[in-house]
Amino acid sequence: MKALVVVASFPLALTTISTAHAAGCLKGAVVGGVAGHYAGHHAVVGAVGGCVVGHHLAKKQAEERKAAQAQAAQAQ
C-alpha cells in the first residue's frame, strides 16, 4: 500500500520541481532510493535525501560552469 501511495504521488512531485533542477534531483532520488532500499527498506527516505544531495550538486556544478564561462570571457 505504501508503494502505491509513493508511486501515485511521484507525478505530482515531478510537476512541482522546476526543470532546471529536476535532473539533479531525479538522478539523486533514484540513487538514494536504491541505496535506501538495500540499507534497510528505507527507499523513500533515501530518495528524499538523494534528491536534496543531487539538487545541491547540480546547483554547484552549474555555478562552477558559469564561473568558468565568465573567466573565459574575461580572458578574451
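Every number here is computed from the coordinates shown, using simple stated rules; none is lab data. Keep in mind the model is a prediction, meaning the values are calculated, not measured. Don't worry about glycine lacking a Cβ; one is built from the backbone with ideal geometry, like all the others, and counts go over all protein chains shown.
Numbers at a glance
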read-out	value
Subset of the stretch 23-47 [among the hydrophobic types (A, V, I, L, M, F, W, C) and either crowded, with 17+ Cβ neighbours inside 10 Å or not in a helix (DSSP H, G or I) (or both)]	C25, L26, A29, V31, A39, A43, V44, A47
Cross-chain or 6+ apart pairs with Cβ under 8 Å, the stretch 57-76 first and assigned to a helix (DSSP H, G or I), then acidic (D, E)	none
